[in-house]
Amino acid sequence: MARDPANSFQDMILTLHDYWSAHGCLILQPYDMRMGAGTFHTATTLRALGPEPWNAAFVQPCRRPTDGRYGENPNRLQHYYQYQVILKPSPSNLQQLYLDSLSAIGIDPLKHDIRFVEDDWESPTLGAWGLGWEVWCDGMEVTQFTYFQQMGGYDCKPVAGELTYGLERLAMYIQGVDNVYDLAFSAPAAGRPGVSYGEVFLENEKQMSAWNFEIAETDALFDLFRKAAAECRNALEAKLPIPAYEQAIEASHIFNLLQARGVIGVQERASYMAQVRDLARGSCEAYMEREKERWASEYPEWSA
Amino acid sequence: MSDFLLELRSEEIPARMQKGARQDLARLFTEQMVAAGIEIASPEVFSTPRRLALIARNLPEHTEAVSEERKGPKADAPDKAIEGFLRSTGLARDQLEVMDVKGTPTLFAVTEVPGRAVSDVLAEAIPAIVRAFPWPKSMRWGEASLSTESLRWVRPLSGIVALLDGEIVPCEVHGVTSGAVTLGHRFHHSGDITIGGADDYAMKLRAAHVIVDHAEREALICKGAHDVAAQAGLDLVEDEGLVVENAGLTEWPIPLLGHFDEDFLAVPPEVIQLTARTNQKYFVCERDGKLADAFICTANIEGRDGGEAIVDGNRKVLAARLADARFFWEQDRKKTLAQHAEGLERITFHEKLGTVADKVERVAKLARWLAEEGIVPGADPDLAEQAAHLAKADLVTEMVGEFPELQGVIGGYYARAEGLDDAVADAIRDHYKPVGQGEEVPTAPVTVAVSLADKLDTLAGFFAVDERPTGSKDPFALRRAALSSIQLIMANELRFALPRAFLSTSSDVLMGRMTKGANDLYDRLVSDLRTIQDRGANINTALQGLRASLDDVYDPMKEEGLKVGLARIYDLLDFFADRLKIQQREAGVRHDLIDAVFALGNEDDLVRLLSRVNALQTFIASEDGANLLAAYKRAANILKKEDWHGIEGEIARTGEEDPLAIVDDPDLKAVVDAKMAQRHSNALSYTPEPAEKALMDVLDQAEPKAKAAAQAEDFSGAMSALASLRAPIDRFFDEVTVNADDQDKRTQRLNLLARFRAAVDAVADFSRIEG
């Protein structure tokens, strides 16, 4: 049976996988850690460094504790999915490739108003920035489109193009529903009924919102933060950038939880962010250190 | 004559940068042409999100041939020098020309530079323009970006159209080659469009659903938005900035009107308008002067279904945003503002100034004082204190977290919803005002008290801890705070001594810091002592001793701290004077006159100060004033030259207690005259010359008169008292020799000049006045 991305959330994801796979991307699986955005996946952050070509696509579950609404807001969630595509170097037809992917999942650009609206991306935490747009579909931001210029404090040479699709929002368009929980996660098949997004995640949103905002034990979280930071430094001392980077991701998420609990003051906030930034940058530096000689020998025109 | 078309196509250019980019393109192009010797009229420039275009008309086909002359050695110079010149020019001896330079025959190399084809000039100019383009933010992209030397542009540059009278101007910038082909609307047109030249450019693009002229798109949006609002029976809320922004986001703009659920109108209209405008770039509408349940979005396509799907999609986005706003609105109101205010203890205002809660306490105290003292007439002290306590509470609400621009406004709504006094709600709403020059200045008494207290506390607080602006750095916007305070004081004619208002904050801050410092020190020592407890020391005895010795340190610290605090308060007063000068300069007031009045040192009431300055300015502009100033300077110069430190000013100063101050009383005139005569005859060992005597007499009159008038705040009266000195002082200088051989005369006359100077200085420090 032909796949219809308008049928279900999972069909839409599979359509994107087919599309980007056909355009030469690796189809990776999600990173197995809690993180705020697909950009944190090592396939994006670390692979954006260095001269080697890299083309990958994957779904990444994202956690934004402060965005929780106890399942009461039609499109704000503390846990949702991003579809991330990274193409290095950025191809000259990246915008067209992206627009074609929207057509592939059934968005008609003469019925829906697709717009590239300035939105420069910056992650002080990752020492990264890029220029690009948020892509609007009828006024809704459905994708973040970025040309990475720096990562971990290093110039990107060459520049990678990063696409981050908000999967739930796109699916709501395609399926024509107003409430994320009404999305068909799967369509009826093989005699089994379809399952809605709400059936999968509504209870999760309620419980997680309560935990994020009210229950999570803050002393334990502060302790976890310190431990992750210490472990990151431990790994850095051993010159192991990937495990160090994982601990930086961990610390970043714990910090977001502390924010949701409202126990970090304005002044402290800056200091916590600086700590996370130092961990992430340190990991990127260590990664560069480890690889740069090989890169320089394989790409004579490249330099760190 | 030829027409030139240039189009630089790229991925979407941020709307906010397009205007600047058009200007830069015109400027860079003109500079290139001028450098090549081509005279041109201002080129036309256009922009859409995907292209920058320029049309220059009536270019010549060739640049003018010019002959360049280069001066060489004298005609009779040694061969060596001439050979060197020949080498550097590449010419032979007989190709040089001899010309006369100031009578000396001199060799010249004359080279004819032939005219160049303008097409060649353009082919060089285009890459130069692209490379020099000053985008506010630019980026690298693609394979070439393996090197950081690769081209930077606002977004990837994808094409160049360069046509001179229909002929391609061949050039190349970082792999992008010029041609005649462009693209139309991203969705309404597929395939290439071949442009013929400057004349068919706009037309061919229009056929491909691109209106290349931004001004035309702006007009279309403006009219379209009005029309759709009118069709729905609504009035558009005009917004020029939104028109320009939407024109920068579209190549084929279509304004469309949609409605949102009218239940959302329960949310404050400012919130709806702000979220519609900043997040979605929608216009809003009114019905009978009130915000209506409608929005206008500007699409970039003609939807297949007439735009139905677009409106519906936009409606959903707005609904989600408004649902969020309503969620905040409802969540926030589950607590009272007073309960929200408790959260301010968790927000640091400034490391050295404590939390926002600490600040609020100080502001409340100050606002109450301003009301109680009658400094802000009509302000109820209880309401002022209450409003100040609640004014910052909205900073910890969800709504202000989401819409920081609405701080104050949101608090005002919550206060009203809670049923607080209107004066309190208004004060919470408006206490940040005035925020800019020319902005509305609050006049409601409670608002004025809170607003002024907030700003004065900020100023006194930061000055007390020595965090003052330096050079261009003013991280806490203290200049703004001072200016706003001045606006509040002047607009409401508030009469008070500024240092008194600063004292409260200043001492609270300094004492708080000292107490904290002493406590921190004590705590640290305690913990140090505990760590050595194992050594068997008697901790309690040690602690008692420590506390006592800390108190010994602490009391002198308080003394010293207050001295420092006082000095900083006077620094702050100077800072105010500087702000006042800047503010008044725009109103045409001379800053030296403000200095002259401020220099008296006893003027800390801004309203009085300015009326004094105004009187002084009028006076100095008059003939009497100008002459008196000249005489004053002359007197001051003589005193300076003679290094006069005598009993100058003594007479003027004792005049303060002089019963003759009531000299104006006609009944006493006879008595006064007699006393004066006696005093002068007592003081002098010689008979004064008539001009000298006349000056003394007028001084006797003018001094107390000026003083009394100044005290009564009749500054023009004070000035006319000074004016009466003008004729006698002029006459004195004409007829009297100050530096007389007779020591006694010299002393007396210098004293007289000093007295004259002092009398004038009592009204304003004339030495500060320029001219």
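The values are calculated or read from the model by the stated rules, or taken from the named source; none is laboratory data. Source: prediction; values computed, not measured. For neighbour counting, all protein chains shown are included, and Cβ atoms are generated from backbone atoms with ideal geometry for every residue, glycine included. Heads up: the accessible areas ignore ligands, DNA and RNA and are worked out on the full protein's heavy atoms, side chains in. Shrake-Rupley method; radii C 1.70, N 1.55, O 1.52, S 1.80 Å.
Name the single residue, out of those in the stretch B:327-364 being among the aliphatic types (A, V, I, L, M) and surrounded by fewer than 17 Cβ atoms within 10 Å (Cβ to Cβ), that is nearest to the other protein chains (Cβ to nearest Cβ). Once the filter is applied, the top-ranked residue is B:I347. For residues that are part of a strand (DSSP E or B) and hydrophobic (A, V, I, L, M, F, W, C), scanning just the stretch B:108-135, find the one that is farthest from the other protein chains (Cβ to nearest Cβ). For the stretch B:108-135, the residue satisfying everything is B:F108.
One line per residue, one yes/no per condition, for (1) modelled with pLDDT under 85; (2) closer than 19 Å to B:L629 by Cα; (3) surrounded by 23 or more Cβ atoms within 10 Å (Cβ to Cβ):
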position	(1), (2), (3)
B:A708	no, no, no
B:Q711	yes, no, no
B:S724	no, yes, no
B:A727	no, yes, no
B:N739	yes, no, no
B:D742	yes, no, no
B:A754	no, yes, yes
B:V760	no, yes, yes
B:A764	no, yes, yes
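Would you confirm whether any residue within the stretch B:136-159 is more than 14 Å from every other protein chain (Cβ to nearest Cβ) and modelled with pLDDT of 95 or more?
Looking only at the stretch B:136-159, we keep the residues that are more than 14 Å from every other protein chain (Cβ to nearest Cβ), and these are none.
No, the conditions are met nowhere in the stretch B:136-159.
Residues in the stretch A:230-253 that are outside any helix (DSSP H, G or I) and within 20 Å of A:T44 (Cα to Cα): A:L240 only. Among the candidates B:E440, B:E467, the residue that is surrounded by fewer than 18 Cβ atoms within 10 Å (Cβ to Cβ), among the charged types (D, E, K, R), part of a loop (DSSP other than H, G, I, E, B) and touching a His at 6+ places or on another chain (Cβ under 9 Å) is uniquely B:E467. Residues in the stretch A:292-300: is at least one without any contact (Cβ under 8 Å) to a residue 12 or more places away in the chain, within 14 Å of chain B (Cβ to nearest Cβ) and in contact with a Ser or Thr (Cβ under 9 Å, 6 or more places away or on another chain)? Taking every residue of the stretch A:292-300 in turn, at least one turns out to be without any contact (Cβ under 8 Å) to a residue 12 or more places away in the chain, within 14 Å of chain B (Cβ to nearest Cβ) and in contact with a Ser or Thr (Cβ under 9 Å, 6 or more places away or on another chain). From the list B:R87, B:R27, B:R9, B:R50, the one residue that fits, being basic (K, R) and modelled with pLDDT under 95, is B:R87. Taking the conditions (1) touching a Gly at 6+ places or on another chain (Cβ under 6 Å); (2) open to solvent by less than 40 Å² (accessible area, probe 1.4 Å) in turn, B:V396 satisfies each one other than (2). Counting only helices (runs of 4 or more DSSP H) that sit completely within the stretch B:151-254, those holding 1 or more residues that are in contact with a Ser or Thr (Cβ under 6 Å, 6 or more places away or on another chain) and crowded, with 21+ Cβ neighbours inside 10 Å correspond to B:214-231, B:240-247. Counting only residues that are part of a loop (DSSP other than H, G, I, E, B) and touching a helix residue (DSSP H, G or I) at 6+ places or on another chain (Cβ under 9 Å), how many does the stretch B:345-398 have? Looking only at that region, the number is 13.
Could you tell me how many of the residues in the stretch B:712-753 are part of a helix (DSSP H, G or I) and more than 43 Å from the chain's Cα centre (by Cα)?
20
Assess whether B:D324 counts as being surrounded by fewer than 23 Cβ atoms within 10 Å (Cβ to Cβ), away from every other protein chain (no Cβ under 12 Å) and either part of a helix (DSSP H, G or I) or of a type outside the set (D, E, K, R) (or both). It is false that B:D324 is surrounded by fewer than 23 Cβ atoms within 10 Å (Cβ to Cβ), away from every other protein chain (no Cβ under 12 Å) and either part of a helix (DSSP H, G or I) or of a type outside the set (D, E, K, R) (or both). When you scan the stretch A:200-212, do you find a residue that is open to solvent by 50 Å² or more (accessible area, probe 1.4 Å) and within 12 Å of chain B (Cβ to nearest Cβ), even just one? No, there is no match, as no residue in the stretch A:200-212 is open to solvent by 50 Å² or more (accessible area, probe 1.4 Å) and within 12 Å of chain B (Cβ to nearest Cβ).
Listed here are the residues, each with its yes/no results for (1) under 30 Å from A:G139 (Cβ atoms); (2) without any contact (Cβ under 8 Å) to a residue 40 or more places away in the chain.
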residue	(1), (2)
B:A294	yes, no
B:N314	yes, no
B:E330	yes, yes
B:Q339	no, yes
B:G343	no, no
B:I347	no, no
B:K359	no, no
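Considering every residue within the stretch B:317-335, establish whether at least one is at pLDDT below 95 and touching a strand residue (DSSP E or B) at 6+ places or on another chain (Cβ under 7 Å). The answer is yes; a qualifying residue exists.
Kindly evaluate A:Y31 against the criterion of being open to solvent by 20 Å² or more (accessible area, probe 1.4 Å) and under 30 Å from A:S283 (Cα atoms). Give the steps one after another, and end with the answer.
Numbers: open to solvent by 20 Å² or more (accessible area, probe 1.4 Å): yes; under 30 Å from A:S283 (Cα atoms): yes.
Yes, satisfied.
Every residue, every condition in (1) away from chain B (no Cβ under 14 Å); (2) touching a strand residue (DSSP E or B) at 6+ places or on another chain (Cβ under 9 Å); (3) surrounded by fewer than 17 Cβ atoms within 10 Å (Cβ to Cβ), yes or no:
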position	(1), (2), (3)
A:G161	no, yes, no
A:V177	no, yes, no
A:A238	yes, no, yes
A:A251	yes, no, no
A:F255	yes, no, no
A:R261	no, no, no
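Counting only strands (runs of 3 or more DSSP E) wholly contained in the stretch B:30-107, the ones carrying 3 or more residues that are within 30 Å of A:V117 (Cβ to Cβ) and open to solvent by less than 80 Å² (accessible area, probe 1.4 Å) occupy B:44-48, B:51-59. Candidates B:A481, B:A477: the one that is aliphatic (A, V, I, L, M), open to solvent by less than 50 Å² (accessible area, probe 1.4 Å), closer than 20 Å to B:H350 by Cα and touching a Leu at 6+ places or on another chain (Cβ under 6 Å) is B:A481. Highlighted here are the strands (runs of 3 or more DSSP E) found entirely within the stretch A:44-155 that include at least 2 residues which are more than 11 Å from chain B (Cβ to nearest Cβ) and modelled with pLDDT under 95: A:121-123.
For the stretch B:295-321, enumerate the residues that are assigned to a helix (DSSP H, G or I), more than 7 Å from every other protein chain (Cβ to nearest Cβ), within 16 Å of A:L110 (Cα to Cα) and not charged (D, E, K, R).
Quick first cut of the stretch B:295-321, residues assigned to a helix (DSSP H, G or I) only: B:308-321.
Restricting the remaining residues to those that are more than 7 Å from every other protein chain (Cβ to nearest Cβ) gives B:308, B:311-312, B:315, B:318-319, B:321.
Pick out the ones that are also within 16 Å of A:L110 (Cα to Cα) and you get B:308, B:311-312.
The one that is assigned to a helix (DSSP H, G or I), more than 7 Å from every other protein chain (Cβ to nearest Cβ), within 16 Å of A:L110 (Cα to Cα) and not charged (D, E, K, R): B:V311.
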